[in-house]
Each structure stands twice: as structure tokens, then as C-alpha cells.
Amino acid sequence: MSSMEAQLLRHAMLWAREAGTLMKKMLDDELHIEQKKNDSDLVTQADRRCEELLRNRLAQVYPGHWILGEEMDGGIDSYTAFKQRGGGYGWIIDPIDGTTNYIHRIPHFAVSIGIVKDGQPVAGVVYNPLTDELFHAVKGGGAYLNDARIQVSQKERRLSEAVLATGFYAGDWHEESEALPQIKRFVGSCRNLRMNGAASLDLCWVACGRLTGFWHRGLHPWDAAAGSLIVTEAGGRVTDRFGAAFHLAMDSLVATNGWTHDEITSIFLMDVEESYVVWRDKEEKAFKS
Ligand code: 2AM
Ligand code: CA
Ligand code: CA
Ligand code: CA
């Protein structure tokens with residue numbers, strides 16, 4: 001680890017604890033809740049205050065680094081965001097990951113801070129202030145939960161043994177959506193399924209072996225910037241849902257202990273094959289008529 005990266009990590013850990021303490025304290029008071037797009041897409045004053053805190057610390061200590069944060073940059077699409085920001089060091093922050101849990105006072109949410117250099121993740125920190133669990137990783141340096149080195153689970157080697165987590169948006173549950181048939185297939189083929197409501201923590205739980213794997217569609221860079229590095233540094237595998245190399249602007253993510261990875265991506269490939277068959281039959285019929 002370079003001394004620069006060690007210093008960035010120290011700051012990320014310090015500020016994650018600071019933001020975590022703030023969101024925990026703000027839980028004691030009335031939460032000021034606002035709707036973003038709908039009843040399932042919410043933001044609180046705590047989300048905004050924590051992002052502000054992180055942005056202020058960053059502007060003071062690293063004025064030359066760029067920032068991408070959910071509550072101030074949420075409207076931009078990921079490709080444009082990365083293009084605009086360019087190279088150098090960047091900080092990708094989710095002030096509260098698991099806002100719905102936070103609002104319902106379910107003790108499962110975190111602050112997530114990912115650091116990238118020229119587009120590549122170099123360090124990541126995810127902190128759950130209620131359990132006081134701080135996950136971190138630096139590229140090439142392994143992954144940690146507090147002071148202990150962590151590793152993905154070596155026990156579950158087949159999908160039938162896997163405990164998987166996922167998450168969906170309210171908008172995913174319509175008739176034509178792929179979400180329902182996929183859930184059905186996974187429920188039928190894995191040990192069991194969880195929907196915990198905080199993607200950054202799901203990734204860390206894959207990294208420390210509590211979960212065998214995790215998949216999600218439509219995540220944003222701040223959901224996965226820290227957690228995806230923590231998984232790979234813990235010996236796990238991260239790709240898109242078809243098994244292609246993962247990057248932060250991607251529309252889908254699959255993170256596993258490695259052993260179960262191909263079985264999981266093959267479930268998504270089944271959908272592609274099915275839609276190919278439907279398309280092919282339609283073409284054939286049109287050709288014959
Ligand atoms: P958030 O709490 O920071 O919004 C839940 O499946 C996971 O998806 C959470 O990590 C949540 O992050 C994220 N997510 C991102 N956009 C979402 C949306 N529009 N609705 C629900 N969850 C969303
Ligand atoms: Ca999030
Ligand atoms: Ca958030
Ligand atoms: Ca949100």
C-alpha cells in the first residue's frame with residue numbers, strides 16, 4: 001500500500017465514523033423525511049447532513065479530489081458522471097445506505113465511502129454505526145472487519161448451499177419485469193434468500209462469509225464503490241449478471257464467494273437464451289408468412 005493510499009484510508013475511516021456517529025445521534029430526534037421520486041424513494045435530513053459533513057472534510061483536506069455523492073449528484077447518470085469527473089483521485093459516497101431501514105429504525109444501515117484513482121477502486125470503507133462494524137479494504141492489501149482480516153466463505157460451493165441476498169425497487173414488481181421469475185428461480189435453487197435493504201452491507205457480508213452471494217440490478221456507483229473492492233480483496237468475485245468484468249457504471253452486479261459464481265450468472269443467462277428463442281421464433285414466423 002502506498003503511503004498516499006494509507007493516508008486516504010485513514011481519513012476515510014475517520015470520517016465514516018464521524019458520519020456514522022451523526023446519523024446514529026439524529027435517530028434520537030424526529031426524522032425529517034422527504035419523498036424523492038415516490039413513496040419508496042425517500043431522503044431524510046440525516047442523509048443530507050452526513051453527505052455535507054463528508055463533503056466539507058474532503059474539500060478541506062483534499063481540495064483537488066473529485067466527489068460523487070448520492071444526495072447532491074443523484075440525478076446524473078453514471079457514465080456522464082464519470083466522464084465529467086475524469087481521472088485522478090475521486091471519492092464516491094453514500095451518506096446513508098439503507099435509508100428505508102433508517103427511517104423504520106431497523107438497525108441495518110451504513111455509510112459507504114469508495115476511493116478511486118483514474119476510475120479504478122483503490123480503497124473502500126463501509127461503517128454500520130449501530131453494530132460498530134467497520135469494513136475496509138485497500139487494493140492489494142486484503143479486506144478487514146474492524147482489526148480482523150476477512151475472507152469469503154469457503155463452505156458453500158454449490159448454489160443449493162448458498163444463502164443469497166438481493167434487493168428490488170418498488171417499480172420492479174410489474175407483470176413484464178424479469179424480477180419475479182428470477183426470484184422464483186433463485187428461491188427454488190438456493191438454500192435461502194434475504195433482502196436486507198443496504199447494498200453496501202450485503203457486499204461486506206459476502207466479504208466476511210455471512211452471505212454466499214448477492215445480486216442487484218440498477219445500483220448506483222455509491223452503492224458498490226466500497227463494497228465491491230471489499231469483496232474482491234476478501235477473495236470473492238464481482239461481475240455483472242452475465243459474468244462480464246464489473247465496473248462502477250454497470251447496470252447489474254453479482255458478488256459471490258467465487259465457488260457459486262457461475263451457477264448464479266447462468267440463471268441470468270437463461271433469461272437471455274429464453275428471450276433469444278422468443279425473438280428467433282418470431283423472426284421465423286414472419287419470414288414464413
Ligand atoms: P439507499 O438506501 O442509499 O437508497 C436496497 O435494495 C438497496 O438499493 C439500498 O442499498 C438502496 O440504497 C439502494 N437503492 C438505490 N436506489 C434505490 C431506489 N430508488 N429505491 C430503493 N432502493 C434503492
Ligand atoms: Ca445506497
Ligand atoms: Ca443513500
Ligand atoms: Ca436513496
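For Arg48 and Asp28, what does the FRET efficiency come to when R0 = 22 Å and r is the distance between their Cβ atoms, rounded to the nearest 0.05? Spell out each step's value before the answer.
Numbers: r = 17 Å, r/R0 = 0.79.
Taking R0 as 22 Å, the efficiency between Arg48 and Asp28 is 0.80.
Nearest 5 percent is fine: what portion of the DSSP beta bridges confined to segment 151-289 is antiparallel? Write out the running numbers ahead of the final one.
Numbers: 9 of 16 bridges.
Roughly 55 percent of the beta bridges in segment 151-289 run antiparallel, per DSSP.
Using all alpha carbons of segment 222-276, what is the percent of pairwise distances in each 10 Å bin, ordered from the shortest bin to the longest?
25, 52, 20, 3
Positive end of the charge dipole of the chain (Lys, Arg +1 and Asp, Glu -1 on Cβ, about the Cα centre): tell me which of Ala170, Ile33, Asn56 has its Cα farthest that way.
The Cα lying farthest towards the positive end belongs to Asn56.
How large is ³J(HN,Hα) for each residue in segment 278-286, as worked out from phi by the Karplus curve 6.51 cos²θ - 1.76 cosθ + 1.60 (θ = phi - 60°), to whole Hz, x for Gly and Pro?
4, 5, 4, 5, 5, 4, 5, 5, 5
Looking only at the chain, where both bridge partners belong to it, what percent of the DSSP beta bridges are antiparallel (to the nearest 5)?
Roughly 80 percent of the beta bridges in the chain run antiparallel, per DSSP.
Can you tell me the relative contact order of segment 143-213? Whole percent, Cα pairs under 8 Å, sequence separation 6 or more.
Values: 84 pairs, mean separation 35.0, N = 71.
Rounded, it is 49 percent for segment 143-213.
If amide H atoms are built 1.01 Å from N in the plane of the peptide, which residues on other chains or at least 5 residues away come under 5 Å of the amide H of Phe246?
Those lying under 5 Å, H to H, from Phe246 are Asp240.
Taking the Cβ of Asp271 as the centre, find all other residues whose Cβ is under 13 Å away and add up their charges (Lys, Arg: +1; Asp, Glu: -1).
0
How much length, in nm to one decimal, is gained on full extension between Glu284 and Arg17, taken as 0.36 nm per residue of separation minus their Cα-Cα distance?
Computed gain between Glu284 and Arg17 is 90.1 nm.
Quick one: 3J(HN,Hα) in Hz for segment 30-45, Karplus 6.51/-1.76/1.60 with θ = phi - 60°, rounded, Gly and Pro as x.
With the stated coefficients, segment 30-45 comes to 5, 8, 8, 9, 10, 7, 8, 9, 7, 4, 9, 10, 10, 9, 10, 4 Hz.
Loop-only chymotrypsin sites (Phe, Trp or Tyr not before Pro) in segment 170-261, please: DSSP not H, G, I, E or B, and at most 16 other Cβ atoms within 10 Å.
Trp173, Phe242
In degrees, nearest 10, range 0 to 90: what is the angle between the Cα axis of helix 221-233 and the longest Cα principal axis of the chain?
Tilt of helix 221-233: around 90 degrees.
Relative contact order, percent, of the chain when contacts are C-alpha pairs under 8 Å separated by at least 6 residues?
The value is 16 percent.
Report, in deg cm²/dmol and to the nearest 500, the calculated mean residue ellipticity at 222 nm for the chain, where each DSSP H run with n ≥ 4 adds -39500 (n - 2.57) and the sum is divided by the residue count.
Numbers: 9 runs with 119 residues, N = 289.
Value at 222 nm, helices only, nearest 500: -13000 deg cm²/dmol.
Segment 155-234 to segment 23-83: how many Å between their Cα centroids?
Here the two parts' Cα centres lie 24 Å apart.
Using a simple spin-label model with points 7 Å from Cα along the Cα→Cβ vector, what separation in nm is obtained for Lys83 and Arg105?
So the two model labels end up 4.6 nm from each other.
Using the basic label-point model (7 angstrom from Cα toward the beta carbon), what is the Ser177 to Arg158 distance in nanometres?
3.2
Accessible area per residue, 1.4 Å probe, Å², for the chain: what's the number?
Numbers: 14000 Å² over 289 residues.
Each residue of the chain exposes 48 Å² on average to a 1.4 Å probe.
For the modelled label position 7 Å from the Cα of Met270 along Cα-to-Cβ, which residues of segment 169-190 have backbone nitrogen atoms closer than 20 Å?
Counting only backbone N, you get 173-190.
Put a dot 7 Å past each Cα toward the Cβ at Met4 and Ala59; how far apart are the dots in nm?
2.4
On average, how much area does the Cα convex hull of the chain cover when viewed from any direction, in nm²? Could the numbers behind the result be given before it?
Values: hull surface 66.4 nm².
One quarter of the hull surface, i.e. the mean projection, equals 16.6 nm².
Average the reciprocal distances over every distinct pair of alpha-carbons in segment 72-120, invert the result, and give the Kirkwood radius in Å.
Hydrodynamic radius (Kirkwood, Cα only) of segment 72-120 equals 12.4 Å.
State the dimensionless ratio Rg/Rh of segment 159-277 (Rg: radius of gyration of Cα atoms; Rh: Kirkwood radius).
0.93
Binning every alpha carbon pair distance of segment 28-109 at 10 Å from zero, what are the percents per bin?
Here the calculated profile for segment 28-109 is 16, 44, 30, 10, 0.
Round to a whole number: what % of the accessible area of the chain belongs to carbon and sulfur, probe 1.4 Å?
52
For segment 41-135, which trypsin sites (Lys or Arg not before Pro) are both in a DSSP coil and crowded by at most 12 other Cβ atoms within 10 Å?
Counting only loop positions with at most 12 other Cβ atoms within 10 Å, the trypsin sites (Lys or Arg not before Pro) in segment 41-135 are Arg105.
The values are calculated or read from the model by the stated rules, or taken from the named source; none is laboratory data. This is a predicted model, so every value here is computed, not measured. So basically every Cβ, Gly included, is an ideal-geometry build from the backbone, and we count neighbours across all protein chains shown. Heads up: the accessible areas ignore ligands, DNA and RNA and are worked out on the full protein's heavy atoms, side chains in. Shrake-Rupley method; radii C 1.70, N 1.55, O 1.52, S 1.80 Å.
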